[in-house]
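Have a look at the structure below, then the notes.
The values are calculated or read from the model by the stated rules, or taken from the named source; none is laboratory data. Predicted model, so just to flag it, every value in this text is computed and none were measured. Here Cβ is always computed from backbone atoms with ideal geometry, including for glycine, and neighbour counts include all displayed protein chains. Ligands, DNA and RNA are stripped out before the accessible areas are found, and what is left, the full protein with its side chains, is counted by its heavy atoms. Shrake-Rupley method; radii C 1.70, N 1.55, O 1.52, S 1.80 Å.
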Amino acid sequence: MENPLNPFNSDKVIVVKNPGEANREMMIKDGEKMEKYQSTGKIGQGEGMKAGVTYRLKDDGSFVYVPEDKPAGP
């Protein structure tokens, strides 16, 4: 299996370190660009809309994100 964080891999990858903990971090790799975000513990606010659903798998506890279909245009 190829390392998904390999900088030469063109895939988009999101890694959550310490999920559910106060010190969680998120690394987002989009092609050769990689960004790191660290939780501040503050609650965010703003406007938005539901983008999809996340499920936790029973077998190994991993998460699967399922994006919703884009709304139909006019």
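Key figures for this structure:
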item	result
Index of the failed condition, Asp69 passing every other in (1) over 21 Å from Asn3 (Cβ atoms); (2) acidic (Asp, Glu); (3) in contact (Cβ under 8 Å) with a residue 12 or more places away in the chain	(3)
Selection count where residues are at pLDDT 85 or above and open to solvent by 90 Å² or more (accessible area, probe 1.4 Å), scope the stretch 14-37	5
Meets criteria (surrounded by 10 or more Cβ atoms within 10 Å (Cβ to Cβ) and at pLDDT below 80) for Asp11	yes
Residues (closer than 15 Å to Pro19 by Cα, in a loop (DSSP other than H, G, I, E, B) and either open to solvent by 100 Å² or more (accessible area, probe 1.4 Å) or modelled with pLDDT under 85 (or both)) located in the stretch 51-74	Asp60
